[in-house]
Amino acid sequence: MTSDLSSRDFDAAHLWHPYTNVADPGPMHLITGAEGVWLTRDDGGQMIDAMSSWWCTIHGHRHPQITSAMTAQIDTLPHVMFGGLTHDPAIELGRKLVGMLPDGLDRIFYCDSGSVSVEVAMKMAVQYHIATGHEDKVEFATIRGGYHGDTWKAMSVCDPINGMHGLFRGALQIQHFLPRPSVTIDQDWPEDPVGNGLAALSKLLIEKGNRIAALIVEPVVQGAGGMYFYHPEWLKGAKALCEAHDVLMIFDEIATGFGRTGHLFAADLAGVTPDIICLGKALTGGHISFAATVTSREVAHGIGNSEAGVFMHGPTYMANPLACAAGIASLSLLEQGNWQVQTAAIEEQMRAELEPARTLPGVCDVRVLGAIGVIEMEGWVDPRIAHAKAVETGVWLRPFAHNIYCMPPFIISPDELSRVTSAMVDLAKGAA
Ligand SMILES: *Cc1c(COP(=O)(O)O)cnc(C)c1O
């Protein structure tokens, strides 16, 4: 059936958008192009992508080094199956990842999206324990306020109340939820285990550690679960407790990976190497969907030397060469680039420019870490206010829950960043 609806009406009538009411999708900007930090709308207007298109486009949109690598790859080998076959893009990207990741994380499983990389990590943890004779270790521990994706197993470790998946509670496996680490990154770390929150983990592991396969967390920064920055010492303590109870530790660095916190990985910031790490989002600099789950030799060979031998997972588009090419180019930019200088400058400027929002009515906190800036409101912020303001201020923001936040591309200029911070402060004024 053909349709004579206008583009915008067809979109409203037929296309699902993420976390948007399909019966009443509300207004939508139609984007016709993008370059650097700028998005162009069909009305010719431009706006700064202060979201990095959901935290991915760290080098900006349509970066020439990434697009030319992808173009060359399309002309050579856009795709080939990865079963029994391999190719240079997968190998070259693997070399770069092994070089960047904390020592010991060097067995790479490529997959299609962040949620899938979480599924793979959780499955790896369970299969590792089966392989080592612990068939009962099939449950997971996590902390409140987390977000790990939208697929089934990932949903089971998202915050059970505020995690967007509360609706499915009855259909999800029950996992073990610990309180969110209450000590923030800006506070002093108390050694007392009750005060620092590690007593709760210790108690859980003593009582139920023999059934727990892994502790999965977003290290230091909880993203879509509330933009919360907790103390990295919690992770050190948690790692030691997990080791004592033969529980693996999974870091979901899909949001924090590749420089976002001002450190290459939050694992570096914490000085903790997990057993499994999930990577996604900025892996291709936001040019194409891709992800990876990386583990240690011990976990990989534990699975490999078991009766099953093979790890029971293998996506059709595993290690897609086009995505690998984008990943190589993006990681090369990180290797040569001055992401450290850029994220430090963004952090400093955001601290200065967002601080005035602290005293506004309705604002309960202002916090900044690396290239992440947050104004937390007492009340719920309607994303439609930001939607309308984007045309006026020229800044694309997408607040959620109580948070007006930005995660700009690292290449943003000081002038452009000032436009973002003033748009955020304006929104806070409007939202109170
Ligand atoms: C975005 C995100 C995911 C899910 O990634 P998708 O690519 O959307 O499936 C998982 N974990 C964290 C921490 C994320 O930020």
Margin query: Using a Gaussian network model on the chain with a 10 Å cutoff between Cα atoms, which of Ile185, Ile277, Ile250 fluctuates the most?
Written below: Ile185
Note to self: Between His402, His87, His17, where does the largest GNM mean-square fluctuation fall for the chain, given springs only between Cα atoms within less than 10 Å?
What the structure shows: His17
Note to self: From the protein chains alone at 1.4 Å, what is the descending order of accessible area for Leu279, Leu322, Leu5, largest first?
What the structure shows: Leu5, Leu322, Leu279
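For the chain, give the percent of accessible area contributed by carbon and sulfur heavy atoms, probe 1.4 Å, rounded to a whole number.
Values: 10290 of 18580 Å².
It is 55 percent, rounded to a whole number.
Pick out, in residue order, every one of the GluC sites (Glu not before Pro) in segment 104-149 that is DSSP loop and has at most 12 other C-beta atoms within 10 Å; say none if there are none. Mind showing how you got there, number by number?
Values: sites: Glu119, Glu135, Glu139; in loops: Glu135.
Qualifying residues, ordered by number: Glu135.
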Notebook entry, point to check: Just how large is the dipole of segment 170-262 about the Cα centre, in debye to the nearest 20, putting +1 at every Lys and Arg Cβ and -1 at every Asp and Glu Cβ?
Noted result: 280 debye
Note to self: Cut-off under 28 Å on the C-alpha distance; same-chain residues fewer than 8 positions from Lys137 excluded. Which lysines are left, in chain and number order?
What the structure shows: Lys123, Lys153, Lys203, Lys208, Lys236, Lys239
Note to self: List the chymotrypsin sites (Phe, Trp or Tyr not before Pro) within segment 377-432 that DSSP assigns to loop and that have no more than 15 neighbouring Cβ atoms inside 10 Å.
What the structure shows: Trp380
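Using DSSP to call loops (not H, G, I, E or B), can you name the trypsin sites (Lys or Arg not before Pro) in segment 1-69 whose Cβ has at most 16 other Cβ atoms within 10 angstrom? Write down the numbers at each step before the final one.
Details: sites: Arg8, Arg41, Arg62; in loops: Arg62.
For trypsin sites (Lys or Arg not before Pro) across segment 1-69 that sit outside H, G, I, E and B with at most 16 neighbouring Cβ atoms in 10 Å, the list reads Arg62.
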Notebook entry, point to check: Per residue, how much accessible area does the chain have with a 1.4 Å probe, in Å²?
Noted result: 43 Å²
Checklist line | Relative frequency of Cα-Cα separations exceeding 17 Å in segment 23-120, percent | finding: 70 percent
Checklist line | Exposure of Leu15 as accessible area (Å², to 10), given a probe of 1.4 Å and all protein chains | finding: 80 Å²
Item checked: Residue among Val247, His263, Ile288 farthest towards the positive dipole end of segment 213-365, charges placed on Cβ -> Ile288
Note to self: Can you give me the solvent accessible area of Ser53 with a 1.4 Å probe, rounded to the nearest 10 Å²?
What the structure shows: 60 Å²
Check: What size of dipole, in debye to the nearest 20, comes out for the chain about its Cα centre when the only charges are +1 on Lys and Arg C-beta atoms and -1 on Asp and Glu C-beta atoms?
Finding: 360 debye
Next item on the list: With all protein chains present, calculate the accessible area of Met81 using a 1.4 Å probe and round the result to the nearest 10 Å².
Entry: 120 Å²
Checklist line | Largest-first ordering by accessible area, 1.4 Å probe, given options Glu347, Glu92 | finding: Glu92, Glu347
Item checked: For segment 1-58: relative contact order, % (alpha-carbon pairs under 8 angstrom, 6 or more apart) -> 17 percent
Checklist line | Computed over the chain: relative contact order in percent, which uses C-alpha pairs under 8 Å that are six or more apart | finding: 21 percent
Checklist line | Placed amide H near Asp252: partners under 5 Å, 5+ positions off or other chain | finding: Val217, Glu218, Cys278
Check: At Trp189 and Lys236, where each label point lies 7 Å from the Cα along Cα→Cβ, what is the point-to-point distance in nanometres?
Finding: 0.3 nm
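Out of the DSSP beta bridges found with both residues in the chain, what percent are antiparallel (nearest 5)?
Working: 31 of 46 bridges.
Given both bridge residues lie in the chain, the antiparallel proportion sits at roughly 65 percent.
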Next item on the list: Would you calculate, for the chain, the mean residue ellipticity at 222 nm contributed by helices, counting each DSSP H stretch of 4 or more residues as -39,500 (n - 2.57) and dividing by all residues, to the nearest 500?
Entry: -11000 deg cm²/dmol
Margin query: If you average the C-alpha positions of segment 386-425 and of segment 245-291 separately, how far apart do those two centres end up, in angstrom?
Written below: 25 Å
Margin query: Can you give me the C-alpha center-to-center distance between segment 154-182 and segment 292-320, rounded to a whole angstrom?
Written below: 26 Å
Next item on the list: Considering only Val374, Val391, Val420, give the residue with the highest GNM mean-square fluctuation for the chain, with springs between Cα atoms whenever their separation is below 10 Å.
Entry: Val391
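The values are calculated or read from the model by the stated rules, or taken from the named source; none is laboratory data. Just so we're clear, the structure is a prediction, and the values are computed from it rather than from any experiment. Positions of Cβ are backbone-derived with ideal geometry, glycine not excepted, and every protein chain shown enters the neighbour counts. Side chains included, ligands, DNA and RNA excluded: accessible areas come from the protein's heavy atoms. Shrake-Rupley method; radii C 1.70, N 1.55, O 1.52, S 1.80 Å.
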